[in-house]
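Visitor: Take a look at this one; I'll ask things after.
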Amino acid sequence: MQQQTAYETPYLEAFDAFQGGHASGDPAFIQAHRREAIERFGAQGFPTARRGNEAWKYTDVGPLARIPFQLPDPSRGALVKQGQLKTASFGSGEWPKLVFVDGTYSEELSNLPRSRNGVTICNLAEAMTRRPEVVEQHLGRLASQEENGFTALNAAFVHDGAFVHVSKDYAAEHPVLIINLSSGKHPDSVSHPRALIVAEEGAGATVVEMHASLKGSRYFTNAVTEVVVTPGATVRHYRVQRQSPHAYHIATIKAEVGRDATFDSAAVDMGASLARNNLGVTMAGEEGHAALNGLYLVGDAQHVDNEVVIDHAAPNTSSRELYKGILDGKSRSVFHGSIIVRKDAQKVNASQADKNLLLSEQAEADTKPAFWIYADDVKCGHGAANGQLDENALFYLQARGIDRASARTMLVRAFAREIVQLIDLAPLRDYVDRQVIKVIPQLQSGAA
Amino acid sequence: MVLDSPVLEVRNLWASVGDAPILKGVNFRVMPGEVHAIMGPNGSGKSTLANVLAGHPLYQVTEGEVLFRGEDLLSMAPEDRARRGFFLSFQHPIEIAGVRLDQFMRASYNAVQKSRGQEELDALKFDRLVKSKSKLVELDPTLIRRSVNEGFSGGEKKRTEILQMSILEPTLAILDETDSGLDVDALRVVAEGINQLRTTDNAVVVITHYQRILEYIVPDVVNILSNGRFVKSGRRELAFEIEARGYDWLQETEDRVGVGP
Ligand SMILES: Nc1ncnc2c1ncn2[C@@H]1O[C@H](COP(=O)(O)OP(=O)(O)OP(=O)(O)O)[C@@H](O)[C@H]1O
Ligand SMILES: [Mg+2]
């Protein structure tokens, strides 16, 4: 057991008040789950030690750990109006929407269609009573084996959250929006967003997880998402993180992909001073396929770290990873992609690439691929490239009357487009494209 | 007689890449309505001259001045040169992945229009403009939905350049080897397209190795650039002579030839 440092104390103290307070009515199995988790967190602590700790070698969570983030005071509930959701929302008003403000579920802001056959969309607290068997079977199953304290910390405070369940052979009619909004009314607060997405056999669902801020304040988001893609199912899971530039964002996404199942994911990170995504995907059944795409745009002193582990546990599975980064100012990115191919997982086809566009001399992008291949009949590909904007292309655009700043935006947008186009949801593609255009000049001024 | 002022006046222009001087005292004047041809051996500095005039950041001007419609061209950003009516059709148009040709052309057109206080066009209206102009150079209309020059054939790239020229209606167009890589029919089409854009107010400079394009776009003056400076100028017949005799005979006389306007 690791020695407990003072960094963890505020969270351990908050736990008793939470467990005995407004979360005390949750089912017994949840309470037990939380108790176990807080103990694990106490034992593991924050992964501040970096020496010999490969997974956190390039990302220093010390600054995060040193701030005693507090759960927001529920009596000072933030009033957020529907109109304020606009910047974090997109698509059709018909789409089911689960909205969380500072980690707390907001019924008024959410939009849940009347329960339809085969599809359950609600907040986790409600799911605990409506679909306890699903929650009990899956909650924490994929995200409990974590090596780091963040997942345990999230589990210790699991109460609200998003729940999407699609029964066998049903397809969710509309994409589901999960919006995690920070109001900025609780400085130095922490939230532990949680999402459980289960697609039963042959089911289909598209889920978009949004993390956004209304104000530029400092806070800590510690999110965990579990995605169960059972045999023959298809889940598209897209994340957009555009939190405040002072926010700390840690997200763990765990997916299990069954036989003949497809998991299509894209992660877009634009905000946060420190963002770390732990994406772990297990290819558990034959002929499963996963596409893991990522786009990050950072400037100033932002730090973004994508840790992607894909575990090919079954033969004849395939995965394709493409991450692209745009870095300005003194920003830093880490792409740490591991591909595991188990002993009997023959005929696996896995590719991985990370490409970065460095807009300033001080920006730095690190790509750390790792392969753990125990089968012999395997196709694995890896690519990495860091480059600058092409001066000749810039000049060409300028020579046709386009000013340099706009020319730059055009080229950066073009670089991002490869990822944007992989998003299989047109309104989200447009949204991300618009955000990219908006963010690029801000990156630039950040560099100046 | 009213004296027109030149569209372009280049005086003793020196330019280098790094430490290597490439242009070594270029003098050159283009009047409204004129067609100039520039010929010269490979590496003599023709594209460099064009690029320097367009404002390519790679080249440093070490001496001389350039007036474009009476204004100091060299102090302008490349986009301002374009907005004031300067256009260069590149010898090797660059491929830009991910930027759609129609979107780029509209941004270009609107930037130029805006700077002149003229109407900007929405996508629909611009499409219509492009369609009518595409006919001029017989460009496959589906090309404009693709990324700029990406995977275009040599001829398609050149037609695209001329399409842009026709959309921007420049006062001075420099066409750097627009004829290279075009088949006979394409050459005629492109040349006719260029001719249709000519007015008494604008001017065209054709950089070429072949007199054939000059059969269509008849030059008022043919200038020979050699080793970074103009060494001879003459009438259209000079182009025939070059094609028949090459450039070697010029080198000997280089020192004795009066250059410039
Ligand atoms: N970017 C550059 N870096 C280094 N040298 C250059 C560069 N651009 C031009 N040069 C050199 O300057 C000289 C003139 O080149 P330029 O392209 O202007 O010739 P040109 O007359 O257009 O030739 P061509 O008929 O082959 O097109 C050449 O020796 C060339 O190598
Ligand atoms: Mg040339």
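The values are calculated or read from the model by the stated rules, or taken from the named source; none is laboratory data. Every value quoted in this text rests on a predicted model; they were computed, and no experiment measured them. Note that each Cβ is placed from the backbone with ideal geometry, even for glycine, and that neighbours are counted across all protein chains shown. SASA here: full protein model, heavy atoms, side chains in, ligands and nucleic acids out. Shrake-Rupley method; radii C 1.70, N 1.55, O 1.52, S 1.80 Å.
Visitor: Does B:E192 fit the bill of being more than 16 Å from ligand 1 (Cβ to nearest atom) and of a type in the set (D, E)?
Guide: yes
Visitor: Please work out if B:G181 is within 28 Å of A:A405 (Cα to Cα), more than 12 Å from chain A (Cβ to nearest Cβ) and in a loop (DSSP other than H, G, I, E, B).
Guide: For B:G181, the condition - within 28 Å of A:A405 (Cα to Cα), more than 12 Å from chain A (Cβ to nearest Cβ) and in a loop (DSSP other than H, G, I, E, B) - is not met.
Visitor: Return only the number of the condition from (1) surrounded by fewer than 17 Cβ atoms within 10 Å (Cβ to Cβ); (2) away from ligand 1 (no atom under 16 Å from the Cβ); (3) under 22 Å from B:D179 (Cα atoms) that B:L101 does not satisfy.
Guide: The failed condition is (1).
Visitor: Also, I was wondering about something else. What's the number of the only condition in (1) surrounded by fewer than 19 Cβ atoms within 10 Å (Cβ to Cβ); (2) at positive phi that A:E94 fails to meet?
Guide: Single failed check for A:E94: (2).
Visitor: Of everything in region B:52-89 that's within 16 Å of ligand 2 (Cβ to nearest atom) and at the interface with chain A (Cβ under 8 Å from one of its Cβ atoms), which residue is surrounded by the most Cβ atoms within 10 Å (Cβ to Cβ)?
Guide: In this case the residue turns out to be B:L88.
Visitor: Tally time: how many residues in region B:104-126 are loosely packed, with under 15 Cβ neighbours inside 10 Å and away from chain A (no Cβ under 13 Å)?
Guide: Counting residues in region B:104-126 that are loosely packed, with under 15 Cβ neighbours inside 10 Å and away from chain A (no Cβ under 13 Å) gives 6.
Visitor: Kindly evaluate B:E215 against the criterion of being in a helix (DSSP H, G or I) and either open to solvent by 10 Å² or more (accessible area, probe 1.4 Å) or within 22 Å of B:V10 (Cβ to Cβ) (or both).
Guide: Yes: the conditions hold for B:E215.
Each row is one residue, and each column tells you yes or no for (1) modelled with pLDDT under 95; (2) among the aromatic types (F, W, Y).
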residue: A:L297; (1), (2): no, no
residue: A:A314; (1), (2): no, no
residue: A:T317; (1), (2): no, no
residue: A:Y323; (1), (2): no, yes
residue: A:L327; (1), (2): no, no
residue: A:E364; (1), (2): no, no
residue: A:K368; (1), (2): yes, no
residue: A:A384; (1), (2): yes, no
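Visitor: In region A:391-400, is there at least one residue being surrounded by 14 or more Cβ atoms within 10 Å (Cβ to Cβ) and of a type in the set (D, E, K, R)?
Guide: Yes: one or more hits.
Visitor: Which one of B:T142, B:T160 is more than 11 Å from every other protein chain (Cβ to nearest Cβ), away from ligand 2 (no atom under 16 Å from the Cβ), under 25 Å from A:R408 (Cα atoms) and among the hydroxyl-bearing types (S, T, Y)?
Guide: None of the others qualify; the one that does is B:T160.
Visitor: Pull out all pairs, ordered by first then second residue, where Cβ-Cβ is under 6 Å, the residues are six or more apart or on different chains, the first lies in region B:40-51 and is within 14 Å of another protein chain (Cβ to nearest Cβ), and the second is open to solvent by 10 Å² or more (accessible area, probe 1.4 Å) and near ligand 2 (Cβ under 8 Å from one of its atoms).
Guide: Taking only residues 6 or more apart or on different chains, the pairs are B:S47/B:Q91.
Visitor: Would you point out which residue out of A:V134, A:V198 is over 17 Å from the mean Cα position of the chain (by Cα), among the β-branched types (V, I, T) and under 26 Å from A:G25 (Cβ atoms)?
Guide: A:V134
Visitor: Within region A:319-355, how many residues are surrounded by fewer than 19 Cβ atoms within 10 Å (Cβ to Cβ) and polar (S, T, N, Q)?
Guide: Total meeting the criteria: 4.
Visitor: Within region B:190-207, how many residues are surrounded by fewer than 19 Cβ atoms within 10 Å (Cβ to Cβ) and of a type in the set (V, I, T)?
Guide: Qualifying residue count for the region: 2.
Visitor: Another question about this same structure. Please find, among B:L49, B:L13, B:L53, the residue that is at negative phi, within 11 Å of ligand 1 (Cβ to nearest atom) and of a type in the set (A, V, I, L, M).
Guide: Criteria check complete, one pass: B:L49.
Visitor: If I ask for residues that are more than 16 Å from ligand 2 (Cβ to nearest atom) and either of a type in the set (D, E, K, R) or in contact with a Gly (Cβ under 8 Å, 6 or more places away or on another chain) (or both), which ones from region B:204-228 would you list?
Guide: If the condition is that a residue be more than 16 Å from ligand 2 (Cβ to nearest atom) and either of a type in the set (D, E, K, R) or in contact with a Gly (Cβ under 8 Å, 6 or more places away or on another chain) (or both), then B:R212, B:E215, B:D220, B:V221, B:V222 are the ones that fit.
Visitor: Filter region A:41-73 down to the residues that are outside any loop (DSSP other than H, G, I, E, B) and touching an Asp or Glu at 6+ places or on another chain (Cβ under 9 Å) and list them by number.
Guide: Listed by number, the residues that qualify are A:F41, A:G42, A:Q44, A:A55, A:W56, A:A65, A:Q70.
Visitor: Would you pick out the residues in region A:386-436 that are within 12 Å of chain B (Cβ to nearest Cβ) and of a type in the set (V, I, T)?
Guide: Matches in region A:386-436: A:I402, A:T409, A:V412, A:I419, A:V420, A:V436.
Visitor: So which pairs qualify, if the first residue must be in region B:114-141 and closer than 16 Å to B:Q164 by Cα, the second must be open to solvent by 40 Å² or more (accessible area, probe 1.4 Å), the Cβ gap must be under 6 Å, and the two must be at least 6 apart or on different chains?
Guide: Hits for this filter: B:E120/B:K114; B:F126/B:R106; B:S134/B:P141; B:V137/B:R159; B:L139/B:R159.
Visitor: Looking at (1) within 14 Å of chain B (Cβ to nearest Cβ); (2) buried (at least 18 other Cβ atoms within 10 Å of the Cβ); (3) out of contact with any Ser or Thr (no Cβ under 8 Å at 6 or more places or on another chain), find the lone condition where A:L358 falls short.
Guide: A:L358 satisfies every listed condition except (1).
Visitor: What is the number of the single condition among (1) open to solvent by less than 30 Å² (accessible area, probe 1.4 Å); (2) more than 14 Å from chain A (Cβ to nearest Cβ); (3) farther than 21 Å from B:A191 by Cβ; (4) not hydrophobic (A, V, I, L, M, F, W, C) that B:G33 does not meet?
Guide: (3)
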